[in-house]
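Notes to accompany the following structure.
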Amino acid sequence: MEMAVFLGAGFVALVSAILVFTQKNPVASVVFLVVTLAAQAVLFLLLNAPFVAALQIIVYAGAIMVLFLFVVMLLNLGRDEFGPEKRKFIRPLAVVFALVLVLEVLAIFKTGLLDQARLTYHLDFTGDFGTVAGVGLLLFTRYLYPFEITSVLLLAALLGTVILAKKLPGRKGEL
Amino acid sequence: MAAVPLDWYLILAGLLFAIGTVGVLVSRNAIVILMAIELMLNAVNLTFVAFSHYMGKNDGQVLVFLVMTVAAAEAAVGLAIILNIFRTRESVNIDDINLMKW
């Protein structure tokens with residue numbers, strides 16, 4: 001049963017990930033990206049991580065994807081034609097590069113670096129594993145400083161976005 | 001209960017990351033490139049959660065939380081930059097954006 005869910009969600013995630021950049025219409029790309037993210041949320045649930053799965057749906061598939069969709073709509077990019085490809089060699093090169101990446105991942109299994117993870121594996125998830133309480137406690141104890149720095153990062157991103165998107169005098173173009 | 005081996009999750013995450021890389025390299029729409037970067041970040045999140053599960057510790061999920069924050073910030077700033085490029089160049093095709101190309 002667990003295996004079937006894994007295979008199903010994994011297959012959906014992979015196929016819709018490929019469909020993200022094979023679409024002519026950017027809106028369709030966004031929709032397929034949402035499908036991939038939802039499939040990965042199912043995988044997170046399978047891994048006993050309900051908090052991360054909820055975050056994935058609410059923050060990623062919800063907030064960030066709406067931001068993408070909003071910009072696509074704002075720029076009116078529906079069915080954009082980009083003309084003929086100027087860099088014909090890129091496509092096969094990219095596939096070769098991706099194959100090398102996959103081979104590298106497979107090579108990791110040969111090194112024995114994963115043996116510790118396999119050894120410590122236990123199926124006792126009765127505690128606070130993956131719950132809001134468990135993850136939240138870590139966030140406010142061991143990872144307090146990274147968590148606080150995250151807020152500074154968000155503030156910087158906020159300011160940067162406002163400055164970038166602001167209409168400055170002397171900048172041409174209307175939107 | 002037939003548990004899914006850790007290796008399978010890692011292989012799936014590796015494949016997703018590779019697909020994201022291909023997306024970054026082949027697409028010419030700047031917004032689609034940003035989306036492919038999100039795909040790559042998500043593949044990494046999957047490895048974090050898989051390791052968190054198989055180690056029985058919550059730490060990996062905290063890292064996923066931080067990665068999501070960085071992804072949100074990156075998407076916001078990236079989209080603002082694309083918006084600005086579109087204002088001046090009337091295009092989001094990366095072949096048209098060649099000011100810094102040698």
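State whether the residues of segment A:27-43 include one that is under 16 Å from B:Met35 (Cβ atoms) and touching a Gly at 6+ places or on another chain (Cβ under 7 Å).
For segment A:27-43, residues under 16 Å from B:Met35 (Cβ atoms) and touching a Gly at 6+ places or on another chain (Cβ under 7 Å): present.
Return the residues of segment B:21-37 that are facing another protein chain (nearest Cβ under 7 Å) and open to solvent by less than 30 Å² (accessible area, probe 1.4 Å); say none if nothing qualifies.
The answer is B:Thr21, B:Val22, B:Gly23, B:Val26, B:Ser27, B:Asn29, B:Ile31, B:Val32, B:Met35, B:Ala36.
Restricting the search to segment B:44-86, which residues are assigned to a helix (DSSP H, G or I), modelled with pLDDT under 85 and not hydroxyl-bearing (Ser, Thr, Tyr)?
Matches in segment B:44-86: B:Met55 only.
Spot the failing condition for B:Trp8; the list is (1) surrounded by fewer than 17 Cβ atoms within 10 Å (Cβ to Cβ); (2) within 20 Å of A:Thr150 (Cβ to Cβ), and only one is missed.
Status for B:Trp8: all satisfied but (2).
What number of residues in segment A:65-77 are surrounded by fewer than 16 Cβ atoms within 10 Å (Cβ to Cβ) and not in a helix (DSSP H, G or I)?
1
Applying the selection to segment B:38-65, what residues are within 7 Å of chain A (Cβ to nearest Cβ), open to solvent by 20 Å² or more (accessible area, probe 1.4 Å) and not hydrophobic (A, V, I, L, M, F, W, C)?
Passing the criteria: B:Gly56, B:Asp59.
Answer yes if at least one residue in segment B:78-90 is touching an Asp or Glu at 6+ places or on another chain (Cβ under 8 Å), facing another protein chain (nearest Cβ under 7 Å) and surrounded by 22 or more Cβ atoms within 10 Å (Cβ to Cβ), and no otherwise.
no
Can you tell me how many residues within segment B:22-64 are farther than 18 Å from A:Ala53 by Cβ and either under 9 Å from the mean Cα position of the chain (by Cα) or in contact (Cβ under 8 Å) with a residue 60 or more places away in the chain (or both)?
Final tally of qualifying residues: 10.
The values are calculated or read from the model by the stated rules, or taken from the named source; none is laboratory data. Predicted, not measured: the structure shown is a model, and the values here were computed from it. Note that we place each Cβ from the backbone using ideal geometry, even for glycine, and neighbour counts take in every protein chain shown. Just the protein is used for accessible areas: all its heavy atoms, side chains included, with ligands, DNA and RNA removed. Shrake-Rupley method; radii C 1.70, N 1.55, O 1.52, S 1.80 Å.
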